[in-house]
Structure formats: structure tokens, C-alpha cells
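Visitor: Here you go, one structure.
The values are calculated or read from the model by the stated rules, or taken from the named source; none is laboratory data. Here the structure is a predicted model, which means the values were calculated and not measured. Cβ placement follows ideal geometry from the backbone for every residue including glycine, while neighbour counts extend to all protein chains displayed.
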Amino acid sequence: MGVRQRVALALFYVVSTAVLVGGLGDLAITELLDVQRDLLSGGGAYPVTPPAETVFLTVLHAMAGGLVGVGAASLLMTHYGIRRGQRWAVVGVAVAIGCAEGANTLGMYALGSPLWAVTASYLALLLVAVGLSVRS
């Protein structure tokens, strides 16, 4: 395995782990963040009702569970596929993380959350990993 493949493999591990840990972090959220409360309250013009907060957090936790699954599956594909040179695993990880974190990034950007840049960086690292793993 050449240097490019080693760097790509390390990036696949890092990104997969970041997605998994990010999903776990989202599952740990028990109350609305300021940016979420601001959006739901119309900039503070209306109170956020407890049922609205519950629904929002439930949807957030459902998405977070999906991110945990994508991160775990990507770690497995990285370890058992990409590490062994199986190209299907590169495609699988790229599609899974690309879709999950792409939607996550767009959603956070639409909400006005500055954290969209964090998940966008996962996508950027993923693109670098895919680019490095392609043999010339």
C-alpha cells in the first residue's frame, strides 16, 4: 500500500469516526440549541411550545440515529473493504456519508447554524480521501 492509499485510508477512518461521534453528540442533545429555538420562535416573536420542542428533538434524534448507523457502517466498510483494496467499499462509504452529511450540512445551513461548516469539512475530507484512493 502506497503513501496515497495510506493517507486515504486514514481519512476514511477519520471521517467515518467523525460521522459516528457527531451522531452520538446529536443524540445527547436534550433541549433546543439557541439557533433552533430562534428559528422555531420566529426570532423570539412567539414562544416555543413544549410539543413543538418535543417534535423537533424527536426528528433530530431520528436523524442522529441514522448518522450513527452510517458512521458505523462506514467504519466497517473502511476496515473490511477499503483497507483490503476493495473499490466497492470506497463507493459505498462515499455514497453513504455523502448523502447523510450532505443532507445534514444543508439542513444546518438552512437553519442558520454555524455548525454546517463542521459537517461540510467532513464532506471535503471525504472528497480528498476518494480522490487519493483513485489509482492513476
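Visitor: So in region 26-60, with the set limited to residues that are of a type outside the set (A, V, I, L, M, F, W, C) and surrounded by 13 or more Cβ atoms within 10 Å (Cβ to Cβ), which one is farthest from GLY102 (Cα to Cα)? Spell out how you get there, then give the answer.
Guide: First, pick out the residues of region 26-60 that are of a type outside the set (A, V, I, L, M, F, W, C): 26, 30-31, 34, 36-38, 41-44, 46-47, 49-51, 53-54, 58.
From what's left, surrounded by 13 or more Cβ atoms within 10 Å (Cβ to Cβ): 26, 36-38, 41, 53.
On the way: ASP26: 16, GLN36: 19, ARG37: 23, ASP38: 23, SER41: 26, GLU53: 24 Å.
That would be SER41.
Visitor: Another question, if that's okay. Kindly establish whether VAL19 is buried (at least 18 other Cβ atoms within 10 Å of the Cβ), among the β-branched types (Val, Ile, Thr), modelled with pLDDT of 95 or more and within 21 Å of GLY112 (Cα to Cα). Explain how you work it out, then say what you get.
Guide: On the way: buried (at least 18 other Cβ atoms within 10 Å of the Cβ): yes; among the β-branched types (Val, Ile, Thr): yes; modelled with pLDDT of 95 or more: yes; within 21 Å of GLY112 (Cα to Cα): yes.
So VAL19 passes the test.
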